[in-house]
Amino acid sequence: MSEKYIILSIIVAAIATYLTRILPFLFFTNKKPSKILFHFEQYMPMMIMVILVFYAIKDVSFGEFPYAIPELLGVLVAILIHLKFKNALLSIFSATALYMFLIQKVFI
C-alpha cells in the first residue's frame, strides 16, 4: 500500500467517526425527545445483550463433551446477577470470569 492511500484512509475514518459523533446533536438539539428515541434508550441495552448471548452460543456443540455446560452456566449467571443487581458491567464481568474458570480449570 502506498503512503498516500494510508493517509487518505485515516482521514476518511476520522471524518466518519466525527460525523457519527456530531450528527445526533445536529438532529436532536432543542427538540423534545421522541417516543421512539425513548423506546430505544429504554430497551436497546437489553436487545444488545440478547444478541450477544445468541452470538456467543451459536457455535456451541450441545452433543459433545462438555455439552455446553460452561456456556449455559455463564449465561445463567449473567441473567441472575443482572436481575438481582441491575448492573450490566457486573453481570458481564462475573459471567465471563465464571466461563473462563470453567473452560480453563474444570472442563479441560
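Every read-out reported here was derived from the displayed coordinates using simple, explicitly stated rules and does not represent laboratory data. Because the structure is a prediction, the values reported are computed rather than measured. Heads up, the Cβs are rebuilt from the backbone with ideal geometry, glycines too, and the neighbour counts pull from every protein chain shown.
Over the chain, with a Gaussian network built from C-alpha contacts below 10 Å, which listed residue (15, 79, 92) shows the highest mean-square fluctuation? Among 15, 79, 92, the largest mean-square fluctuation in the Gaussian network model of the chain belongs to 15.
Go ahead and estimate [θ] at 222 nm for the chain from helices alone: -39,500 (n - 2.57) per DSSP H run with n ≥ 4, summed, over the residue count, rounded to 500. Don't skip to the end; give the middle numbers.
On the way: 4 runs with 80 residues, N = 108.
Taking each H run of at least 4 residues, the total per residue is -25500 deg cm²/dmol.
Excluding same-chain neighbours fewer than eight residues apart, the lysines reachable from residue 35 by a Cα-Cα span under 25 Å are 86. Phi-derived couplings, Karplus 6.51 cos²θ - 1.76 cosθ + 1.60 at θ = phi - 60°, listed residue by residue for the range 96-107: 5, 4, 4, 4, 5, 4, 5, 6, 9, 10, 9, 9 Hz, with x used for Gly and Pro. The 3J(HN,Hα) values that the Karplus relation (6.51, -1.76, 1.60; θ = phi - 60°) gives for the range 43-51 are, in residue order, 10, 4, x, 5, 5, 5, 4, 4, 4 Hz. Gly and Pro appear as x. Comparing 17, 29, 96 in a Gaussian network model of the chain, where Cα atoms under 10 Å apart are tied by springs, the biggest mean-square fluctuation is seen for 17.
FRET efficiency for the pair residue 44 and residue 97, taken as 1/(1 + (r/R0)^6) with r the Cβ-Cβ distance and R0 = 22 Å, rounds to 0.30.
Considering only alpha-carbon pairs that sit under 8 angstrom and 6 or more positions apart, the relative contact order computed for the chain is 16 percent. Across the chain, the volume of the C-alpha convex hull divided among the residues equals 187 Å³ per residue. Using a Gaussian network model of the chain in which every pair of alpha carbons under 10 angstrom is joined by a spring, one finds that among 31, 84, 58 the greatest mean-square fluctuation is at 31.
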